[in-house]
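Notes follow the structure.
The values are calculated or read from the model by the stated rules, or taken from the named source; none is laboratory data. Quick caveat, the model's predicted, so the values are computed rather than measured. When we count neighbours, we look across all protein chains shown, and the Cβ atoms used for this are built from the backbone with ideal geometry, even at glycine.
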Amino acid sequence: MPTTLERPAAGTTPAAEDALAALDPLFSRIAPALPPVQFTGSTAARYNMGAGQPDPVSLPRDELARIVSDLLHSDEGPTALMYGDAAGFLGLREALAKKLKRGEHLDVSADEILIVNGSNHGLAVVSMAFVNPGDVAIVEAPTFMGGLRPLRQLQARIEMVPLDDQGVRVDALEGQLRALRSAGTPAKLFYTIPNFHNPAGVDLALDRRKRVVELAEEFNFVILEDDAYGELRFTGTAMPSLYSLAPKGRVIRSATLSKILAAGLRIGYVTAPKEVLARLNSLKLDGGASPFTNRVAARWLEASHDRHVRHLIDIYRGKRDALIRGLEQGFAGQEDLKPAWHVPDGGFFLWLKLPPNVDPAKVAMEAGERGVGYVPGTAFFSDGSGSEYVRLAWSMLSEPDLVAAGGLVAEAIKRSLR
Ligand SMILES: Cc1ncc(COP(=O)(O)O)c(C=O)c1O
């Protein structure tokens, strides 16, 4: 597939343009220029509900400053600043194994955990390990663009299976698997986000979790379980992971400290049998996990993780409720224009389905004029459909701002009749 370079930046000299044009045919087939993630408004919008960034106020900066200082002045200081184990600092992997045991009763050892540069990196490495160009990968519709991007980059054939408010529709998944097998193009990988789905906010029901695992056994595909938000549960009871329900090796699980500690540390962790991790590790061509950030995170996990998660749950529950309050107030007396949404039991996102008489492009414009930014639904469907959806992230704004932002979104929608 030919690659297309973006138009050179303004001010690029003719010589530089020639050089760029000469480079164009040299790019590999897996380096297409994919479009960047679309946000409405600007990421500097007054009411930025675009990215799933953690709450900036709750970042444990003082504590991290103390940990960094203690670490650098300790005997471990020099080691922290040298090359280390590519699979990640053993102490971090041990701390994560303990956390998984405490929080999820999951029995994994340190050598069944691989540290990656954020879960995005984990999703990419797993996709690279299983998908050749043209292979079939199944994703949920909608799904997280960070899971879609590596599959697109690898030129997978991406098939979508719809969600409802119980998570992925397993009947549709089974139908799809059968059709693919009959056509001689069986699916190799199924990418799923079972907890507080990004963007849909739904949880995968327990009976469906079990069914997904059964289908993986029957049709022989690998499940890539993405659990970025599972610890942030405000209401309801946690359900077992697909990882814990399946025979060893069937599920590879990717999780992250981005939403719990700090996205800027870029620490994700992939859980799988060590034989699988050895293959994934050989595809991690980033020079290995950072011995420095890994040690910082290990110390923080031991000292503060559980308490901090409880604190975050209170914060994000309040934010979710504030955003919904703002929307409800904004639509009072105008139920006909009110979008449909599922109230998530946790996580960061509210997923609105606009009524058919509302024009999504106008909503984006009206919202932008009011200083509101969000991600339009089309970013979450592999075929670019989904324009009737809007994803709002409540994670970054304060509660008063979320009430105001909910009201402004309602105003934008009400002014966007077709
Ligand atoms: C569902 C999901 N998976 C994975 C990630 C990746 O997070 P990170 O690469 O920061 O670990 C995110 C972040 O937005 C996410 O929402």
State whether the residues of the stretch 216-225 include one that is closer than 30 Å to Leu59 by Cβ, within 16 Å of the ligand (Cβ to nearest atom) and either at pLDDT 95 or above or touching a strand residue (DSSP E or B) at 6+ places or on another chain (Cβ under 9 Å) (or both).
-> yes
What's the number of the condition Leu72 fails, among (1) free of Cβ contacts under 8 Å to residues at least 40 places away in the same chain; (2) surrounded by fewer than 15 Cβ atoms within 10 Å (Cβ to Cβ)?
-> (2)
What tally of residues in the stretch 338-367 results from selecting those that are among the basic types (Lys, Arg) and closer than 18 Å to Gly406 by Cβ?
-> 2
From Pro240, Pro247, Pro291, which residue is under 20 Å from Gly103 (Cα atoms) and away from the ligand (no atom under 16 Å from the Cβ)?
-> Pro240
Taking Asn195 as meeting all but one of (1) touching a residue at least 12 places away in the same chain (Cβ under 8 Å); (2) away from the ligand (no atom under 16 Å from the Cβ), write down the number of the exception.
-> (2)
Are any of the residues in the stretch 163-183 away from the ligand (no atom under 15 Å from the Cβ), free of Cβ contacts under 8 Å to residues at least 40 places away in the same chain and part of a strand (DSSP E or B)?
-> yes
Matching helices (runs of 4 or more DSSP H) fully within the stretch 40-138 where at least 1 residues are within 16 Å of the ligand (Cβ to nearest atom) = 90-104, 119-130
Meets criteria (within 21 Å of the chain's Cα centre (by Cα), surrounded by fewer than 23 Cβ atoms within 10 Å (Cβ to Cβ) and at negative phi) for Leu204 | no
So how many residues does the stretch 294-322 have that are within 18 Å of Thr79 (Cβ to Cβ), of a type outside the set (A, V, I, L, M) and either over 22 Å from the mean Cα position of the chain (by Cα) or surrounded by fewer than 22 Cβ atoms within 10 Å (Cβ to Cβ) (or both)?
-> 4
When every residue in the stretch 250-288 that is buried (at least 19 other Cβ atoms within 10 Å of the Cβ) and polar (S, T, N, Q) is compared, the one farthest from the ligand (Cβ to nearest atom) is Asn281
Considering each residue of the stretch 102-138, count those that are surrounded by fewer than 24 Cβ atoms within 10 Å (Cβ to Cβ), farther than 15 Å from Asn281 by Cβ and of a type outside the set (A, V, I, L, M, F, W, C), and give that number.
-> 12
Residue count, the stretch 337-383, condition among the polar types (S, T, N, Q) and within 16 Å of the chain's Cα centre (by Cα), comes to 2
